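Worksheet: one structure, shown below.
What follows is calculated from the coordinates using simple rules that are stated; it is not laboratory data. Being a predicted model, the structure only gives us computed values, none of them experimental. Glycine also receives a Cβ, built like all others from the backbone with ideal geometry; neighbour counts cover every protein chain displayed.
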Amino acid sequence: MAEAPQQQQQQQEEEEEEEQPSSVEETEADEESEEEAKESVHTTPTRPLLSMRSMSTVDPDDDSPNMIVYRKIEDIVTLIQDEEEGVPIRTVKSFMTKIPSVVTGTDIVQWLMKNLAIEDPAEAMHIGSLIAAQGYFFPISDHVLSLKDDGTFYRFQAPYFWPSNCWEPENTDYAIYLCKRTMQNKTRLELADYEAENLARLQRAFARKWEFIYMQAEAQVKIDRKKDKTERKILDSQERAFWDVHRPVPGCVNTTEMDIRKCRRMKNPLRVKKSVYGLVEEGTQSQSPIHTPSHHCRKGTKEDVEKEILFLNTQIDRHRMKMSKVAESLISYTDQYMDYDQFVTAQEPANPWTSDDPSLWELEASKEPSQQRSFSSENLRFWLAVQDMKRRPQQDVAQRAEDIWAEFLAEGAPSSINLDSHSYERTSQNLKDPGRYSYEDAQDHIYKLMKSDSYTRFLRSNVYQDLLTAKKKPETEQGRRTSLEKFTRSVGKSLTGKRLTGLMQSS
Amino acid sequence: MGEMEELRKEMENLKDQITAARKTFQDSTLQEAAAGVTVVGRVQLKTRKTLRGHLAKIYAMHWGTDSTLCVSASQDGKLIVWDTITTNKVNAIPLKSSWVMTCAYAPSGNLVACGGLDNMCSIYNLKGKDGNVKVMRELAAHTGYLSCCRFLSDTEIITSSGDCTCVLWDIETGTQKTVFAGHQGDAMSLGVSPDFKYFISGACDFTAKLWDIREAECRQTFGGHESDINAIGFFPNGNAVITGSDDATCKLYDLRADQELLTYQDSSIMCGVTSLAPSKSGRLLLAGHDDFNVNIWDMLKAERVGVLAGHDNRVSCIGVSSDGMACCTGSWDSFLKIWN
């Protein structure tokens with residue numbers, strides 16, 4: 001029974017070898033299309049790998065998100081190890097020993113850049129790190145699975161240990177592994193601190209069946225000893241890399257974690273967990289909560305199809321607009337608002353996440369009634385009123401819209417704002433069916449006005465300059481509250497939470 | 001063969017007809033039309049703030065409408081309301097169930113909601129009289145996990161669920177007003193239109209659906225993705241829909257053209273899209289991926305113009321504030337980051 005895993009692994013590798021000739025034949029048949037693909041690489045920036053049939057062993061019907069990624073990675077990993085097209089994997093001589101089957105990080109990065117048509121080395125590093133983190137290749141002298149663009153040596157993982165095999169190794173397997181490491185008298189197999197801690201913890205947890213675990217570990221060691229020295233080095237490192245994926249170094253990301261929303265749709269939710277060392281568990285295992293069978297499989301009942309047919313019938317003759325027209329509409333929208341888009345054009349006034357300058361949002365608070373008129377504060381008040389309206393519950397919006405019209409826009413309005421006739425017309429139309437966005441156009445116009453006119457005037461004004469210097473006045477002088485300060489406090493309170501930069505941006 | 005076979009044939013036939021009908025309106029492509037538009041150039045955003053406090057994976061975040069507060073949900077069983085400028089925690093709400101998958105901020109700022117494996121949407125009142133944040137309602141009726149929720153107002157909320165349906169709830173009575181059924185797979189994400197009349201949902205049946213809230217009907221369905229749609233959002237003017245999928249691509253669908261305009265993909269992007277948000281003008285699309293990065297796309301030219309690399313684990317959620325000034329990302333590394 002203990003022989004099983006090694007045999008399994010050998011069998012797997014033999015199977016791989018058997019498969020390879022046939023896949024080679026397939027690629028030969030595809031050579032023409034491959035060459036065409038390569039030609040197109042020269043003329044247009046297409047990526048060669050896209051045109052090749054997937055060589056991954058992942059079942060194409062397995063559509064869980066991790067599997068989709070594994071398939072893509074396995075295509076790359078298969079090609080990168082190809083004798084002709086791949087990286088140079090060699091045995092390196094070092095001191096008294098030979099290091100078999102390794103490749104440098106730089107070689108990997110170079111290969112990725114060339115074969116995935118990547119120009120930026122950082123991007124190649126990103127992809128390489130992703131592949132390493134999943135354990136498809138690993139540094140031979142480090143538990144941390146990352147890629148370095150230097151002479152660090154890497155080795156490729158055996159397909160037996162690939163994550164696409166859905167290993168979810170139990171702690172019993174991990175215990176056997178750590179245990180057997182302690183039995184072999186080799187420096188390269190010494191436990192790292194965190195591994196020693198893990199072993200101690202497992203010994204406590206499995207106190208009752210430790211004898212069983214110990215025996216399994218001994219059996220594994222016995223099998224290992226029969227192997228050729230070089231082969232042993234390779235297999236040991238691959239086994240270690242496997243555990244680095246499933247029992248990562250503290251602080252490293254566990255890449256086998258799955259989104260709980262997707263777990264319930266795994267192909268074999270009732271899967272019996274298989275042992276890396278071929279053990280059959282005595283007694284039943286308790287299922288983890290994420291592996292409960294799905295209560296609802298994909299629908300496909302007759303009723304569903306009938307409903308779908310009814311729906312599709314309504315869609316055939318639906319009104320559609322031409323692509324050119326909608327494209328134009330989208331382009332002009334982005335064009336209109338790009339100037340206000342912080343990620344495209346840096347906005348003024350300063351960004352509150354970078355500047356801690358509070359004077360900007362005291363701007364509003366500082367206006368005395370007399371100053372309000374000369375700096376067109378009715379514009380700002382209109383803008384604020386519309387912002388407020390947009391946040392109201394749906395049933396209040398219509399009333400607020402009417403109020404705003406009466407206050408700011410109607411003939412003889414008390415705080416009449418200056419809108420161009422076009423925006424005025426638009427807004428008046430919008431108000432026939434008042435909604436949250438009836439004033440978008442007007443708000444926009446007013447914002448532009450404030451930005452170009454009244455706000456800039458204010459920044460240069462004496463009032464503002466005084467405000468800045470007033471902040472620096474010592475404590476003693478604050479007893480005398482000027483009307484300016486009184487106004488500041490009362491208006492400031494009512495504006496709590498609204499940052500000026502928010503005020504000055506159109507929404 | 002059987003009736004089922006016949007029905008499926010009829011369905012496929014209809015789908016082909018629709019595809020053909022859509023084709024007749026393809027007099028151009030968005031890329032062609034945008035050929036003359038000035039390039040955006042490299043977009044480099046910096047991390048301005050890191051919000052630390054969660055102790056486990058963050059699954060969701062949502063901005064408040066004031067553009068400074070946001071709420072986040074983590075599997076440490078907490079909902080945290082953050083002041084993103086000071087990085088202070090305004091509220092830290094302990095949840096009954098730690099398997100939370102979504103959270104939402106009401107437009108009024110008075111309420112937040114969350115839900116997950118408990119199949120319920122829990123509404124919390126942030127502005128309670130005694131200052132304590134308490135559960136106001138527990139909306140229970142879904143038979144699958146709660147994947148997403150969005151408030152229409154303080155009295156109405158829409159949820160999407162692993163039971164393949166979306167539901168409009170009356171918060172006050174705690175009852176379902178409308179059930180939107182039609183998806184053939186888990187509904188993973190939803191977005192509400194700027195005018196609050198429609199919402200869109202993306203599901204594990206690889207389609208996105210546009211729903212009329214008041215008429216309680218599915219108006220349009222969009223396909224094309226090769227795997228689950230995890231994220232969905234409206235283009236800022238409400239006329240187009242953006243989706244993100246496990247097939248590692250994002251797509252733009254126009255509502256009036258009733259078809260796909262663009263696909264955002266790159267063979268060096270291998271990991272699925274978990275979340276997305278358009279920038280304020282709609283020119284840029286920010287997409288969070290399982291490979292720990294956020295990719296920034298020029299939406300008109302379908303070119304990648306930037307990458308946000310700062311998280312040490314999957315980016316699970318992303319949001320652009322309503323004033324467009326900042327983007328917030330949340331990750332399995334337990335941190336939220338503010339970028340601009």
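Side notes on the structure shown:
- Residue-count net charge about residue A:128 - beta-carbon cut-off 10 Å; Lys, Arg +1, Asp, Glu -1: -1
- For chain B, built as a Gaussian network whose Cα springs stay under 10 Å, the top-fluctuating residue of B:288, B:324, B:244: B:324
- Calculated FRET efficiency, residue B:90 to residue B:309, Cβ-Cβ distance, R0 = 35 Å: about 0.75 to the nearest 0.05.
- Taking amide hydrogens as placed 1.01 Å from N in the peptide plane, the amide H of residue B:156 sits under 5 Å from those of B:171, each at least 5 positions away in sequence or on another chain.
- Over 24 Å between alpha carbons, listed pairs A:180/A:262; B:78/B:197; B:78/B:177; A:302/B:9; A:448/B:127: A:180/A:262; B:78/B:197; B:78/B:177; A:448/B:127
- Computed over the range B:106-183, the quotient of the alpha carbon radius of gyration and 2.2 N^0.38 Å is 1.05.
- Separation in nanometres of the label points that stand 7 Å from Cα toward Cβ, at residue A:81 and residue B:197: 5.8
- The order of A:166, B:164, going from fewest to most other C-beta atoms within 10 Å of their C-beta, is A:166, B:164.
- Shape category assigned to the range B:1-90 from the gyration tensor of Cα positions, a/c cut at 1.5: oblate
- Chain B shape via C-alpha gyration tensor axes, a/c threshold 1.5: oblate
- The range B:273-292 versus the range B:296-324: alpha-carbon centroid distance in Å: 4
- Under 12 Å, Cβ to Cβ, from residue B:32 - net charge with Lys/Arg +1 and Asp/Glu -1: -1
- Count Lys and Arg as plus one, Asp and Glu as minus one, and take only other residues whose Cβ is under 12 Å from that of residue B:303; the net charge is then +2.
- The simple spin-label model puts a point 7 Å past each Cα toward its Cβ; for residue A:322 and residue B:4 those points are separated by 4.6 nm.
- Considering the range B:203-269 at the alpha-carbon level, its Rg and Dmax are found to be 12.0, 43 Å.
- Calculated from backbone phi, Karplus (6.51, -1.76, 1.60) coupling profile of the range A:315-324 in Hz, x at Gly/Pro: 8, 4, 9, 5, 5, 10, 9, 5, 4, 4
- Counting Cβ atoms of other protein chains within 10 Å of each Cβ in A:196-203 and taking the mean gives 0.
- Calculated [θ] (222 nm, deg cm²/dmol) that DSSP helices of n ≥ 4 give over chain B, each run adding -39,500 (n - 2.57): -2500 deg cm²/dmol
- Under the Karplus curve 6.51 cos²θ - 1.76 cosθ + 1.60, θ = phi - 60°, whole-Hz ³J(HN,Hα) for the range A:390-395, x wherever Gly or Pro sits: 5, 8, 6, x, 3, 6
- Couplings for the range B:31-45, taken from phi via the Karplus curve 6.51 cos²θ - 1.76 cosθ + 1.60 with θ = phi - 60°, read 4, 4, 4, 8, 4, x, 6, 4, 5, 7, x, 5, 9, 10, 9 Hz in order; Gly and Pro are left as x.
- When +1 charges are put on Lys and Arg Cβ atoms and -1 charges on Asp and Glu Cβ atoms, the dipole computed for the range B:114-209 relative to its Cα centre reaches about 200 debye.
- Given R0 = 35 Å, the distance between the Cβ atoms of residue A:146 and residue B:31 translates into a calculated FRET efficiency of 0.45.
- Annotation: amide H of residue A:274 within the under-5 Å range of A:168, sequence separation 5 or more or interchain, hydrogens built in the peptide plane.
- Taken along the Cα-to-beta-carbon direction at a fixed 7 Å, the label points for residue B:215 and residue A:424 span 3.7 nm.
- Annotation for the range B:203-242: chymotrypsin sites (Phe, Trp or Tyr not before Pro) lying in DSSP loop with at most 15 further Cβ atoms inside 10 Å of their Cβ do not exist.
- Over 29 Å (Cα to Cα) - which of A:390/B:57; B:280/B:337; A:72/A:226; A:432/B:129 fall in this group: A:390/B:57; A:72/A:226; A:432/B:129
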